[in-house]
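Beneath this line is the structure, given in structure tokens, with notes to follow.
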Amino acid sequence: MTTATATRELTALHRCDRCGAQAYVRAVLQSSGGELLFCGHHARAVESTLRPQTSEWQDETARLTEKAQSTVEA
């Protein structure tokens, strides 16, 4: 069985598997095709160890600074 992964934007419904905060990083594991979701903080904490084991590392943490910029400009 082959698992196809379609990259889709992470929403407010996606939560970090470590702390429950909004997820901004999706890590798809090479071995199983399973995915792990992380907030920016926890993604940085595990990236060096986990990223070599992934087939996809979807990082949307840039959206955090976009939100901050739009708040400052308003």
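Rule-based calculations on the coordinates, nothing more; no lab input. Fair warning: this is a prediction, and the values are worked out from it, not measured in the lab. Counting neighbours? That spans all protein chains shown, and the Cβs are built from the backbone with ideal geometry, glycine included.
If you go through region 51-60 and keep only what is surrounded by fewer than 16 Cβ atoms within 10 Å (Cβ to Cβ) and touching a helix residue (DSSP H, G or I) at 6+ places or on another chain (Cβ under 8 Å), you end up with just 57.
Of the residues making up region 25-50, those that are surrounded by 14 or more Cβ atoms within 10 Å (Cβ to Cβ), among the β-branched types (Val, Ile, Thr) and over 19 Å from residue 65 (Cβ atoms) number 2.
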